[in-house]
1. Enumerate the amide H contacts of residue 96 below 5 Å, restricted to partners 5 or more residues apart or on another chain; note that Pro and chain-start residues carry no placed amide H.
2. Taking 0.36 nm per intervening residue step and subtracting the Cα-Cα distance, what contour gain separates residue 188 from residue 200 on full extension?
3. Work out, step by step, the length gained on full extension between residue 147 and residue 299: first 0.36 nm times the residue separation, then minus their alpha carbon distance; give nm to one decimal.
4. Write down Rg/Rh for the range 59-342, rounded to two decimals, with Rg from the C-alpha atoms and Rh from the Kirkwood relation over Cα pairs.
5. How much of the accessible area of the range 59-342, probe 1.4 Å, is carbon plus sulfur, in whole percent?
6. In vacuo Debye scattering of the range 180-276, one point per C-alpha: log10 I(q)/I(0) at q = 0.10, 0.11, 0.21, 0.25 Å⁻¹?
7. Given R₀ = 41 Å, FRET efficiency for residue 37-residue 321 by Cβ-Cβ distance, to 0.05?
8. Out of residues 5 or more away from residue 170 or on other chains, whose amide H comes under 5 Å of its own, with H placed 1.01 Å from N in the peptide plane?
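The values are calculated or read from the model by the stated rules, or taken from the named source; none is laboratory data. Predicted model only: the values in this text are computed from it and were never measured. With ideal geometry, Cβ positions are generated from the backbone for all residues, glycine too; neighbour counts draw on all protein chains shown. What goes into the accessible areas is simple: the full protein's heavy atoms, side chains included, and nothing from ligands, DNA or RNA. Shrake-Rupley method; radii C 1.70, N 1.55, O 1.52, S 1.80 Å.
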Amino acid sequence: MVGNPVMRAGLALVVVVVALVVGDVGAALPRFAEAPEYRNGEGCPVAVAVAGVCDPGLVHIAMTLDAHYLRGSMAAIYSLLKHASCPESIFFHFLAAADGGEGEGGGVGELRTAVAASFPSLRFEIYPFRADAVTGLISASVRAALEAPLNYARNYLADLLPKCVPRAIYLDSDVLAVDDVRRLWETRLPAAAVVAAPEYCHANFSRYFTETFWSDPQLGDRVFAGRRRAPCYFNTGVMVIDLRRWRVGNYRRRIEVWMEMQKEKRIYELGSLPPFLLVFAGEVEAVDHRWNQHGLGGDNVLGSCRPLHKGPVSLMHWSGKGKPWDRLDAGKPCPLDHTWKSYDLYIAEGDSSSASAPFALSSSALPAAAFSW
């Protein structure tokens, strides 16, 4: 099934939330090749045309990205389409930064043009995200990049997406799907769960919070007492979110409360991740690790390469400081960056070759266990 232009099986709406930060609004975006078109095959449910995005058979996915990550976003979209069972049933919702300023070129319009050029048949919409919705809540972090307002856009998904959207898969922009995302969409969320994600309980959970947090008798272990299970670290780059439960429980506000406390007393060091852990750790529904083979960006200090974790692979995630496109351009790629390169639609300046998509690797290019179910 995977890799064929005509795909089979279920209906998937992928809501990719791309937050576009325009550093130089007047500068043109890079050029990207046109990706191959993938068609639905037999077995895909017929879309309810009048329902649009509210079609109950759709699957929704969300992603964040700034201008530097647009190249990664294009590769991520291409990989999602290539490996989707019903690619024509995928609908992308992009969230673009609204701080480009009127009359200055318009980042949203440029992004719309770029996406449509590479994916002419893609069903998508773009929603502006206002940085001032969160700017006053952001505290200084260990890295300036973690302070970007659009890192927090996922907190507002339930407010920005149409109310008829029941759930969304949130994905970072530095990911590559090598399996049908519909399998992730079908993750069961029990009544008590709002978020599902791969958990990593071997990680030292305490290091995500400061000594001030753990030594405060009103905080520390007391915060996580009474939860469904012991709190574990989970990477927020891959999550299935029940948006209806999120809205009912006002989880955006719960996250904001912790961000407000951080302004008063420093209880964590890492940007947008700790508030998510404070709200959801111990309440997350576990997802198979195959859906977030993360850390491929390498060691943040040494910049060294990292291999895939043991076990099957459905989604690769270049979390960390190193990004595959930067390392490839610098002539210092890690081994797995070559897999990402096969989905790269970027056309380098001065490249006079045909604007066609690269050859995307099939499952045979990955370990044999990658697609074992």
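1. Residues meeting the amide H criterion: 20, 127, 129.
2. Additional length available on full extension: 2.4 nm.
3. 52.7 nm
4. On the way: Rg = 18.6 Å, Rh = 19.7 Å.
Here Rg/Rh amounts to 0.94.
5. 52
6. -0.31, -0.38, -1.31, -1.59
7. 0.70
8. Here the answer is 62, 239, 240, 241, since their amide H atoms fall under 5 Å of that of residue 170.
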